[in-house]
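Asks: Please read through the structure below; I'll follow up with questions.
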Amino acid sequence: MSSSKRHAAPADIPPQLSDLHCFTETEGVITTTMFDVPGYRVVKVLGAVYGLTVRSRNWAAAMGMVLKSIAGGELRWFTNMLYSARNDAITRIVAETKARGGNAIICLRFESGEVGGFCQCCAYGTAAVVEKIDPNIHEAPQLLS
């Protein structure tokens, strides 16, 4: 790639959403969308876990979104609600994993949609206990005390 080509700019995340977009506290639980955690071995599989939340829009925000959709552009209130729902779903799946004695969620997935006019977000994956096996791999930041 020549130096004259530019990389795509990162997503324009509004400041009020930036902390929601970048980080969700997992209380020491490793979360990954991969089937394994490089440098770690799955010691015990604890089964499928999920976190679910359903959100509703208030009527004033819904009316504002209708007007905004006519003009076009991002529906920021709805974006904020979806980020918040995603973070709640992660918090719930982490709590379920910890309740089972796990320290990792592998194959983490998200699903969202509309249910009767309400927004639902589901996080699901496999709760597991993992341990480090490769001394050359840095300890996962979630596991550092």
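Asks: Tell me, please, whether a residue that is buried (at least 16 other Cβ atoms within 10 Å of the Cβ), more than 18 Å from the chain's Cα centre (by Cα) and modelled with pLDDT under 70 can be found in segment 49-57.
Replies: Within segment 49-57 (the criterion being buried (at least 16 other Cβ atoms within 10 Å of the Cβ), more than 18 Å from the chain's Cα centre (by Cα) and modelled with pLDDT under 70), the answer is yes, since at least one residue qualifies.
Asks: Do you know which residues across segment 118-134 are over 16 Å from Thr97 (Cα atoms), open to solvent by 40 Å² or more (accessible area, probe 1.4 Å) and part of a strand (DSSP E or B)? Talk me through it step by step, then tell me what you get.
Replies: If we filter segment 118-134 for residues that are over 16 Å from Thr97 (Cα atoms), which is where we start, we get 118-121, 132-134.
Now narrow it down to the ones that are open to solvent by 40 Å² or more (accessible area, probe 1.4 Å): 118, 132-134.
Of everything in segment 118-134, those that are over 16 Å from Thr97 (Cα atoms), open to solvent by 40 Å² or more (accessible area, probe 1.4 Å) and part of a strand (DSSP E or B) turn out to be Phe118, Lys132.
Asks: Of the residues that sit in segment 96-117 and are modelled with pLDDT of 80 or more and either over 17 Å from the mean Cα position of the chain (by Cα) or acidic (Asp, Glu) (or both), which one is least open to solvent (accessible area, probe 1.4 Å)? Even if it seems obvious, please write down each step before you answer.
Replies: Let us first name the residues in segment 96-117 that are modelled with pLDDT of 80 or more, namely 96-113.
In the following step, the residues that additionally are either over 17 Å from the mean Cα position of the chain (by Cα) or acidic (Asp, Glu) (or both) were identified as 96, 99-102, 111.
On the way: Glu96: 69, Ala99: 85, Arg100: 95, Gly101: 51, Gly102: 12, Glu111: 99 Å².
By that ranking, first place goes to Gly102.
Asks: Filter segment 33-48 for residues that are at pLDDT below 90 and open to solvent by less than 50 Å² (accessible area, probe 1.4 Å) and give the result. Reasoning before the result, please.
Replies: Looking only at segment 33-48, we keep the residues that are at pLDDT below 90, and these are 36-39.
Those that are at pLDDT below 90 and open to solvent by less than 50 Å² (accessible area, probe 1.4 Å): Val37, Gly39.
The values are calculated or read from the model by the stated rules, or taken from the named source; none is laboratory data. Treat the numbers as computed from the prediction; the structure is a model and nothing was measured. Neighbour counts run over all protein chains shown; Cβ positions are idealised from the backbone, glycine included. What goes into the accessible areas is simple: the full protein's heavy atoms, side chains included, and nothing from ligands, DNA or RNA. Shrake-Rupley method; radii C 1.70, N 1.55, O 1.52, S 1.80 Å.
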